[in-house]
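The values are calculated or read from the model by the stated rules, or taken from the named source; none is laboratory data. Just so we're clear, the structure is a prediction, and the values are computed from it rather than from any experiment. Positions of Cβ are backbone-derived with ideal geometry, glycine not excepted, and every protein chain shown enters the neighbour counts.
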Amino acid sequence: MLSADKSAITSDNPVPSQTDLPSIAVLAATVPQPPAPIQSGPVAATIPAFPSTNDEQKDTIPALYPTEICLNHAPSSTLENELQEMAQALSIKFEELTLLHQLSERLRLDEASGQVCHSLLEELAPCLDAIWVAIDLPSDDQGRQDDSFYQIGNAGKPEWVRDLADYTEQQSIVKNAGDESFGVPVGIVNTPNATAPANVRTIVVPIQRQDQNLGRMIAVRTLEQAEFGTVEADLMKSTSMMLGFHLINQRQYQEMQQMFEGTIQSLVSALDAKDTYTCGHSSRVAEVAVAIAKRLGFDEEGVTRIRMAGVLHDIGKIGVQDSVLCKPGKLTDEEFEQIKAHPVLGYDILQGIRQFNQILPAVRHHHEAWDGTGYPDGLAGRAIPRDAQLLAVADAFDAMTSDRPYRSGMPLEKVTSILRNGRGTQWAADVVDALLDSPEILKQYELRKNQQAEQN
């Protein structure tokens, strides 16, 4: 609205009379007029016209503003469609990102590839609204991957699914659907012809990584369902890309793990070669220690750690002279000091390898005694690492039941009696109880003794 400058109204500048109003009207007529009101708008407000003193002035002074202004213009049908499409696209992308986030949290390198694929399919199938979804992973030339097939839904035999996937790739009407930056060819058949293995809609996405074709992902809908399109293609491409990353990383992890285990076995073989009488001792101690750990409620990670510690617990004997290690008679005090040094020698050998850090306490302290009379550090009671407590009992059990150059293995009754008498003094009481309450261990002992008797 026009504002009045009160300071300008003086005796020299009186308020204009009505005869002067036409000039104001002429001036007002030069003011640009707002657009006409949109009468169809949902909300409109009536604004009073320019104030006047009577109807005559009202007729002679044009309104500076329209009497109705739409405050909220209704969107056109085109705009509504665009907004709906945008909302739908955002919803799809959110669903895709949520799926990928869930998958990334569940992927573990030490998990079997079959379990990984099943988990992925369980998450993916509801998003695709498919009657079944499958992952086909053929074997490779280097033997790093066996021929594998995983599915959700009743897809049928792998051979039939592969035929359907081959047909879809050959007859595909979509290449690089959606975002072509992925560079992944997508096969889609929504209207199968007479040569199709089945009268269904099919989409096939390859699983690729580092120029390697690892396999493919396949989804199927009935003809009554909606056609496959770029939405499904993008979702499957994102998922297959993540799976490809994981499969390659998993292969590399498995190769490193096999190399690591091979290194362990080489160390054990070197130790066994020094003393034929103790050949196999480390493996047997590992088996007994694992059985005890399971009975005591160790988790999977703990059991794996105990197994590795059991295999390597005597690795320090590599540094002991053969004449002492294989001596058939009683050891002198000096010779026994050499034997007592093997826990520390083993600790020193393994401590430079990061992967062995978790078993170092068990290797160093598996000859400590519960009453503090053991070696090398004279630890007592709960100060002895828990893994070392288990190895101490397993080591003693196998040593007493095995033949040595200077004696034959003890009868089981004598071994169990010694263990009971030493619980709480030589060894942790609950660990001894766990061993004696493990019939599978005692049964294996009897079986081994019978085999030795037959060989002799």
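Things to note:
- Residue in segment 353-369 that is at pLDDT below 90, more than 41 Å from the chain's Cα centre (by Cα) and among the small types (Gly, Ala, Ser) present: no
- Residue satisfying condition, being assigned to a helix (DSSP H, G or I), out of contact with any strand residue (DSSP E or B) (no Cβ under 9 Å at 6 or more places or on another chain), surrounded by 12 or more Cβ atoms within 10 Å (Cβ to Cβ) and not aliphatic (A, V, I, L, M), within set 245, 260: 260
- For segment 373-400, a tally of residues being hydroxyl-bearing (Ser, Thr, Tyr) and more than 44 Å from the chain's Cα centre (by Cα) returns 1.
- When the residues of segment 138-189 are filtered to those that are part of a loop (DSSP other than H, G, I, E, B), within 18 Å of residue 207 (Cβ to Cβ) and charged (D, E, K, R), the one that is modelled with the highest pLDDT is 147.
- Residue match in segment 224-235 (condition: among the charged types (D, E, K, R) and touching a residue at least 40 places away in the same chain (Cβ under 8 Å)): yes
- Of all residues making up segment 111-120, the number that are surrounded by fewer than 21 Cβ atoms within 10 Å (Cβ to Cβ) and in a helix (DSSP H, G or I): 5
- Pairing residues of segment 335-346 that are outside the structural domain of residue 375 (by TED's automatic domain parsing) with residues that are in a helix (DSSP H, G or I) and not basic (Lys, Arg), at Cβ distances under 7 Å and at least 6 apart in sequence or on separate chains, gives no pairs at all.
- Residue match in segment 440-447 (condition: within 36 Å of the chain's Cα centre (by Cα), more than 25 Å from residue 316 (Cβ to Cβ), surrounded by 15 or more Cβ atoms within 10 Å (Cβ to Cβ) and not small (Gly, Ala, Ser)): yes
- Residues in segment 372-403 that are among the hydroxyl-bearing types (Ser, Thr, Tyr) and exposed (fewer than 15 other Cβ atoms within 10 Å of the Cβ): 373 only.
- Failed criterion for residue 328 (all others in (1) touching a residue at least 60 places away in the same chain (Cβ under 8 Å); (2) out of contact with any Asp or Glu (no Cβ under 9 Å at 6 or more places or on another chain); (3) part of a helix (DSSP H, G or I) hold): (3)
- When the residues of segment 347-371 are filtered to those that are touching a residue at least 40 places away in the same chain (Cβ under 8 Å) and under 25 Å from residue 419 (Cα atoms), the one that is surrounded by the fewest Cβ atoms within 10 Å (Cβ to Cβ) is 371.
- The set of residues from segment 376-419 being over 21 Å from residue 274 (Cβ atoms) and outside any helix (DSSP H, G or I) comprises 377, 378, 379, 380, 384, 385, 408, 410, 411.
- Single residue of 200, 204, 268 found to be β-branched (Val, Ile, Thr), under 30 Å from residue 357 (Cβ atoms) and either out of contact with any Phe, Trp or Tyr (no Cβ under 7 Å at 6 or more places or on another chain) or not assigned by TED's automatic domain parsing to the domain that holds residue 116 (or both): 268
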